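Here is the structure we will look at.
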Amino acid sequence: MGFKKMPAADWRAGNPADLYDTASAVKNARDFTPPAPGAEGVVMLTVANRSAKTVTMTPANNYSVPLTRAALEQGPKVVEGEVDGFTGRGVHARRVAGAVVG
């Protein structure tokens, strides 16, 4: 379906605590304040490094990006960062990573 086609009524705030670790997502989202009850909600994109012993990510090993209906109506949301790691032979590798949502 896509976020742009999602009806406005479906963008209501909620707390899917049984499906999602809301507290960690909010903690890892920079400058984010959860919407008030009854206000328009957000879709939270969470990126988590599950290989922290091998790879580091910037801006952080775990971070969340709140996606609002208004922001997605303006076009795709681009999130950029870097992934640094070492191969099995101790060779350093760096990749610029990005994600586009919308």
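Here is how the numbers come out for the structure above:
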read-out: Residue selected from the range 32-85 under the condition of a type in the set (Asp, Glu) and in contact with a strand residue (DSSP E or B) (Cβ under 6 Å, 6 or more places away or on another chain), by the criterion nearest to Gly14 (Cα to Cα); value: Glu80
read-out: Counted residues, the range 32-57 - those being more than 13 Å from the chain's Cα centre (by Cα) and free of Cβ contacts under 8 Å to residues at least 40 places away in the same chain; value: 16
read-out: Those residues of the range 31-61 which are touching a Lys or Arg at 6+ places or on another chain (Cβ under 9 Å) and part of a strand (DSSP E or B), in sequence order; value: Glu40, Val42, Val43, Leu45
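Any read-out appearing in this document is the output of simple, stated calculations on the displayed coordinates, not a laboratory observation. Not measured: the values here are computed from a predicted model. Cβ sites come from the backbone with ideal geometry, for glycine too, and all protein chains shown count toward neighbours.
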